[in-house]
1. So is B:Ala164 more than 14 Å from chain A (Cβ to nearest Cβ) and in contact with a Leu (Cβ under 7 Å, 6 or more places away or on another chain) or not?
2. Out of B:Val397, B:Val322, report the one residue that is within 16 Å of ligand 3 (Cβ to nearest atom), of a type outside the set (Gly, Ala, Ser) and modelled with pLDDT of 95 or more.
3. What residue, among those in segment A:20-52 that are in contact with a Gly (Cβ under 7 Å, 6 or more places away or on another chain) and of a type outside the set (Gly, Ala, Ser), is surrounded by the most Cβ atoms within 10 Å (Cβ to Cβ)?
4. Has segment B:330-339 got at least one residue that is within 16 Å of ligand 2 (Cβ to nearest atom), within 14 Å of chain A (Cβ to nearest Cβ) and not in a helix (DSSP H, G or I)?
5. Could you list, in sequence order, all residues of segment B:198-223 that are away from chain A (no Cβ under 13 Å) and in a loop (DSSP other than H, G, I, E, B)?
6. Quick one: which of B:Leu266, B:Leu198 is more than 27 Å from B:Ser394 (Cα to Cα) and without any contact (Cβ under 8 Å) to a residue 60 or more places away in the chain?
7. Only one of B:Phe192, B:Phe150 is touching a residue at least 24 places away in the same chain (Cβ under 8 Å), surrounded by fewer than 23 Cβ atoms within 10 Å (Cβ to Cβ), hydrophobic (A, V, I, L, M, F, W, C) and within 13 Å of ligand 1 (Cβ to nearest atom); which?
8. Please state which of the following conditions B:Asp157 fails to meet, knowing it meets all the rest: (1) over 18 Å from the mean Cα position of the chain (by Cα); (2) closer than 25 Å to B:Ala392 by Cα.
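The values are calculated or read from the model by the stated rules, or taken from the named source; none is laboratory data. What you see is a predicted model, and the numbers here were worked out from it, not measured in a lab. Heads up, the Cβs are rebuilt from the backbone with ideal geometry, glycines too, and the neighbour counts pull from every protein chain shown.
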Amino acid sequence: MLSAAARAEIEAHLKKYPTKRSAIIPALYIAQRAHGYLTPEAIRDVAQVLELEPTEVRSVAGFYSLFYKEPVGKHVIHFCNDLPCALRGADEFLKKLCARLGVEPHGTTGDGMFTVEPAMCLAACDRAPLMQVDLDYFENLTEEKLDEILDGFRTGTIQTDAASVIKSELA
Amino acid sequence: MEHVILRHRNIPDLHRLEVYQAHGGYEGWHKAVTEMKPDALIDLVKASGLRGRGGAGFPAGLKWSFIPKDIFPKYVVVNADESEPGTFKDREIIERNPHQLIEGVALACYAVQAGTGYIYLRGEFKQPARILQKALDEARAAGLIGQNLFGTNYSLDIQLHLGAGAYICGEETALLESLEGKLGQPRNRPPFPALVGLYSKPTVINNVETLANVPPIALNGADWYKKLGTEKSPGTKVFCLSGRVNRPGNYELPLGTPFRVLIEDLGGGIIGGKALKGILPAGASALILPASAIDVPMDYESVAAAGSMLGSASIIVLDETVDILWATEKMVRFFRHESCGKCTPCREGTHWLVREMERIRRGEGKPQDIDLLLDITKNMSGKCFCLLGDFATSSIVSTIKHFRGEYEAATRTNGQ
Ligand SMILES: Cc1cc2nc3c(=O)[nH]c(=O)nc-3n(C[C@H](O)[C@H](O)[C@H](O)COP(=O)(O)O)c2cc1C
Ligand code: SF4
Ligand code: FES
């Protein structure tokens, strides 16, 4: 079930558009936050609020890469290895990232902390190598910086708002 | 170089409203709403010669003039989907000079008498969106956006909308579908968005950088603007420089500046002093130019005459160490990933292109596979529902043209 706060947040988005349907992307983001991915129940909740069929909502969710249909790690890392970044060593850096975490690309660490997704261009090609964690940018990475960042997430000294919302909604 | 767009590089804290206003910010906006007829503003932008910075270079004022006067409501939609590989200019504008974008959106809305503007940002722009939202809230609180502006009967609302990860939503009709809450797949044209756009109403769609040019034009006039750049491509452009150069980054330069100035002088030349191999002038979408194009002026006509397009001016530099087949496979993979799946030639064609490139790169290709690749592109070019299908063929067609020897070397060992 969507929390009352989540419902209120979706209602606020509805005011921005002449049709309810236009709020589908913001609503799906909000619904996704509770578990980190879109559960069938979350899809049904969004459909109900927007007065749409669950199948319609499911097909829209399926179209966009930032909606997850399966469980993902607590933090999702999008690491860019598109051409401009790859010209500056991104492929090799991605291998190091995966080795550090003991995962293959698209995989999730055993402790459920991180999912690593190779990403297409993230509009930061002059700051390669770079990644987004829960859509926050971490740029001009070095191996030392990477270790600090991963540790920071593990120990909770770095918080993205995606992670803090999950915590508070499940509390 | 005096910046017109990246003014934050000269003025610290330009993202703050009071700083922006202390440097002429929202003066053009105030003047337009209180003193100018909407048509006069359209004429001014027409006279400036400002061309769209999102790719096609279409004259902005002319686009605005297509909006019918007698149909309401109408909309202005800002394309901040910025997803072309090698493009990172709109993000800098949004994060560092957000009020200039907001003022530009406001001016576009007033010019066509739209009451609502939507700024569509790619989903990955969560941080940029937050900065922009803060600026928008500031502008609203200061009475620069809202009801009965400056005591007139003109009211304006501007909203942000985040996408959710799909390059195709940068295509303007797919963007409209996405904003309406549907799958981001392109629409049939005609009818064009100017007549039947967002919610079937007349709609202007412009790129972030295009609109960021409008406040300085409103403030300083068309003649001032036309002194910058070339006759047919007036103004400055933010060039995104990436790839194998020493100093990648955004550089704002007059249109018509040669590639050499950008790559060698500003970009500090190629890493390790290596030789230039090729230039991608517009990300993964445009035909690659050979190293001999280094002295071509970067404006819409000259790059087209040289056999490619300026597009959004995302210049990716390849040096002699780059394996052309590897780079090409990266680009076709991008398009396979981003094909929206609506039409068969693109959905299937991008698949085949990647498969063939993989085979050739694994050393399993035969010489005739080079022509097979070209055959696949012929079945895509001009046969796809939207331009993405054509873009997907650019890297293959142009690298085979300029670097056929590398394809031959990769396939030679397998004989007939
Ligand atoms: C596949 C595809 C992707 C595009 N991506 C973008 C984009 O990310 N940003 C953008 O401004 N224009 C993009 N465009 C161009 C838009 O369709 C449209 O021409 C542009 O937003 C118009 O604005 P302008 O006239 O101010 O340039 C894309 C076009 C295609 C075919
Ligand atoms: S060309 Fe590709 S992106 Fe465009 S409509 Fe067809 S499948 Fe979709
Ligand atoms: S290619 Fe990595 S951010 Fe652009």
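1. No; evaluated as a whole, the condition is false for this residue.
2. Residue meeting the stated conditions: B:Val322.
3. Only one residue fits best here, namely A:Ile24.
4. yes
5. The answer is B:Pro202, B:Asn213, B:Gly221.
6. When all the criteria are applied, what remains is B:Leu266.
7. B:Phe192
8. For B:Asp157, the exception is condition (2).
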